[in-house]
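Accompanying notes for the structure given below.
The values are calculated or read from the model by the stated rules, or taken from the named source; none is laboratory data. Remember, it's a predicted structure, so these values are computed and weren't measured experimentally. All Cβ positions, glycine included, derive from the backbone under ideal geometry; neighbour counts span all protein chains shown. The area values use the complete protein model at the heavy-atom level, side chains included, leaving out ligands, DNA and RNA. Shrake-Rupley method; radii C 1.70, N 1.55, O 1.52, S 1.80 Å.
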Amino acid sequence: MKNKKLERLKFLYLFIFVLGGILVVPTHIFPPPFFMPFRFPHYLEMMKPFLGVSWPLSFEIYHYALYALALVASLNVLGIIFYPKFRKVAIFSSLIGILLILSIVLFFFFPFMKINPSTSIIYGLYFVVLLIADLLTFKTLRQKEASRG
């Protein structure tokens with residue numbers, strides 16, 4: 001019998017993927033001014049330099065953060081689907097993800113809130129959901145490890 005916690009995590013990650021698509025796809029289909037609160041890069045461009053980082057570099061950092069989050073999520077999903085084979089990889093990636101996502105949540109709820117509150121709340125809450133998924137992944141896989149050994 002498969003573990004119910006792992007099955008729930010699979011559905012949580014599917015929900016996160018679909019929700020991410022719902023947030024991003026309209027901004028690529030419809031031109032501005034439609035869906036402006038969902039256009040995070042636009043507001044990133046409007047920000048004053050953050051911690052001495054100007055617009056082009058902050059946009060590049062934004063892309064690297066997205067790549068890192070995609071890698072973390074992919075490794076987490078691999079650890080859940082192919083449990084226990086990828087368990088340790090998923091534990092490590094979820095730990096890295098917790099640190100990364102926490103810093104992103106802080107960015108959305110503190111400095112970015114002054115630029116555009118609606119975009120900040122939308123993506124801040126999305127990343128809170130990601131943080132919860134990452135914490136649940138870490139907790140579930142650590143519990144499995146403890147019960148095995």
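Quick look at the numbers
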quantity	calculated
Selection status of Y67, touching a residue at least 12 places away in the same chain (Cβ under 8 Å) and either over 30 Å from F34 (Cα atoms) or among the hydroxyl-bearing types (S, T, Y) (or both)	no
Qualifying position, being farther than 30 Å from P49 by Cβ and β-branched (V, I, T), among V128, V89	V89
Test set (1) at pLDDT below 95; (2) of a type outside the set (A, V, I, L, M, F, W, C); (3) under 16 Å from L131 (Cα atoms) - P32 fails condition number	(3)
Single condition F82 does not satisfy, out of (1) out of contact with any Gly (no Cβ under 7 Å at 6 or more places or on another chain); (2) hydrophobic (A, V, I, L, M, F, W, C); (3) surrounded by 14 or more Cβ atoms within 10 Å (Cβ to Cβ); (4) under 21 Å from F17 (Cβ atoms)	(3)
The one condition in (1) under 19 Å from S103 (Cβ atoms); (2) exposed (fewer than 13 other Cβ atoms within 10 Å of the Cβ); (3) of a type in the set (A, V, I, L, M) that V53 fails to fulfil	(2)
Cross-chain or 6+ apart pairs with Cβ under 8 Å, region 89-118 first and at negative phi, then open to solvent by 40 Å² or more (accessible area, probe 1.4 Å) and of a type in the set (D, E)	I91/E145
Search result, residues across region 103-127 that are at pLDDT 95 or above and either farther than 20 Å from I16 by Cβ or loosely packed, with under 15 Cβ neighbours inside 10 Å (or both)	L125
Positions within region 1-47 being of a type outside the set (V, I, T), within 16 Å of the chain's Cα centre (by Cα) and open to solvent by 60 Å² or more (accessible area, probe 1.4 Å), in sequence order	K10, F11, L14, F15, F17
